[in-house]
1. Hand me the tally of lysine pairs in the stretch 2-78: alpha carbons under 26 angstrom apart, and the pair either on different chains or 8 or more positions apart.
2. Considering amide H positions built from the backbone, and no H for Pro or chain starts, which residues 5 or more places from Asp148, or on another chain, come under 5 Å of its amide H?
3. Relative to the present Cα-Cα distance, how much length would full extension add between Lys21 and Leu126 at 0.36 nm per residue of separation?
4. Ser13 to Lys236: FRET efficiency via 1/(1 + (r/R0)^6), r the Cβ-Cβ distance, R0 22 Å, to the nearest 0.05?
5. What does the charge add up to near Phe141, with Lys and Arg as +1, Asp and Glu as -1, over the other residues with Cβ less than 14 Å from its Cβ?
6. With respect to the cross-link table entries Lys112/Lys232; Lys122/Lys232; Lys122/Lys160; Lys160/Lys232; Lys79/Lys112, which display a Cα-Cα separation exceeding 20 Å?
7. Using only Cα atoms, locate the centre of the stretch 252-297 and the centre of the stretch 158-176, then give the distance between them in Å, rounded to an integer.
8. Label points 7 Å out from Cα along the Cβ direction at Cys228 and Ile65: separation in nm?
Amino acid sequence: GPLGASLRQARESLEVWVKQKVQQQIERAVDALPGLAKRGLEDADMPRWVSRGKDRTVDAMWPDIKEEIMWEVSVVIDKAPPPAEEELRGPDCFRAFVRYHLYPYDRTIWGKMRDPFFWLFKIIPLIPLFGVNPAFFAFVFVIIDKGDEFQLVQFILNFKGTAFISQGVIRALIGFTNFIFCVTARADDSEHDCERSGPGTHGNLWPATAGFVAQVVLVWAAFVLLRCAEGKGRAKLKGAVSADAKRPAHGGYIVYFLWYDLCIAALCSGLIAYTISTRPGFSYSDWTVQHVVFAAQVLYGLLSMPFFIFTLPFLQRLLTHSLPTAYDRRGVCRAPVRPSSPKAEPPPPKDVMSEDEMNDLLAKFKSVLPIAP
């Protein structure tokens with residue numbers, strides 16, 4: 001009746017008021033943490049310039065740290081119930097299969113290592129043939145849920161991270177080995193066959209160029225889609241408290257690294273273009289151009305190393321402000337869960353004292369107390 005509705009409204013208003021007061025008190029306590037951190041890290045023997053650098057580092061990092069702390073506080077005091085299972089619909093069976101084996105939501109790293117598809121999806125992008133890595137991640141880009149913020153961020157970081165290994169480190173070793181065999185191994189000061197067997201002379205130039213362009217296009221396409229993505233790993237709030245008012249743009253600081261990546265790509269492209277301009281007839285099939293293209297690929301891969309900063313678990317969340325997501329067997333993007341551990345059977349009840357122990361105890365009592373045998 002009217003009385004019951006009034007009571008429910010009063011209870012809801014009281015609940016909102018209490019939650020807001022709790023959030024305000026916790027926020028006041030959290031605001032005191034930077035000063036405590038500065039004092040805790042201070043040392044009487046510390047040089048002043050180091051002390052000032054320490055304080056500036058704390059001040060620079062604190063807004064992002066506070067943002068994550070207050071979000072967790074909001075979830076604890078105002079979390080809304082999760083959506084019903086039947087409301088979540090997955091894609092077709094092929095994408096669902098690939099999604100789950102790429103990023104399963106209910107497996108730890110040890111569970112993933114028991115899956116042969118996990119190793120397959122890890123090894124393919126590390127193949128140092130130029131074009132394999134971009135082709136694999138073009139396939140992944142089609143497969144993943146591009147409406148989720150974390151999946152797009154993870155795509156960019158995994159793409160650039162494996163490029164550092166496969167196109168930077170591994171191809172640098174291959175190029176060094178090729179150079180050793182075409183120059184040093186022949187031990188001839190006047191002759192070498194690097195124009196035929198040197199770095200970059202094997203294979204066609206156009207697939208390498210297409211792979212190079214695909215790297216830039218795919219990561220920027222993922223970043224553009226970030227503008228419209230949502231954080232499906234974030235819990236929903238009932239609305240009593242607000243935690244998203246000061247939330248930074250999707251992807252956090254990753255945009256600065258993407259501009260850095262674009263500048264590096266332009267630098268490597270300019271190096272190739274300059275080399276072609278110095279060849280007779282602007283011939284791009286000259287062996288010198290092939291060497292420079294190979295060197296530009298390696299340089300571009302090695303300069304992707306700063307993206308590894310984002311792969312550290314704590315820093316990734318702090319710098320991108322995206323919460324992890326993965327896929328269930330239906331291919332639905334959702335927050336990860338801890339895998340259920342099999343329940344161990346309870347051990348059978350154990351007697352407090354065995355019969356032999358009881359007899360020994362009685363014998364000791366008889367030897368101490370004046371009891372007739």
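Read-outs: derived from the displayed coordinates by stated rules, not from any lab. For clarity, every value in this text was computed on a predicted model and none was experimentally measured. Here Cβ is always computed from backbone atoms with ideal geometry, including for glycine, and neighbour counts include all displayed protein chains.
1. The result is 5.
2. Excluding prolines and chain starts, which carry no amide H, the hits are Glu230.
3. 32.6 nm
4. After rounding, the FRET efficiency stands at 0.60.
5. Spelling it out: positives minus negatives among the neighbours equals +2.
6. Beyond 20 Å between Cα atoms: Lys112/Lys232; Lys122/Lys232; Lys160/Lys232; Lys79/Lys112.
7. Each part's Cα centre sits 16 Å from the other's.
8. About 3.8 nm separates the two model spin labels.
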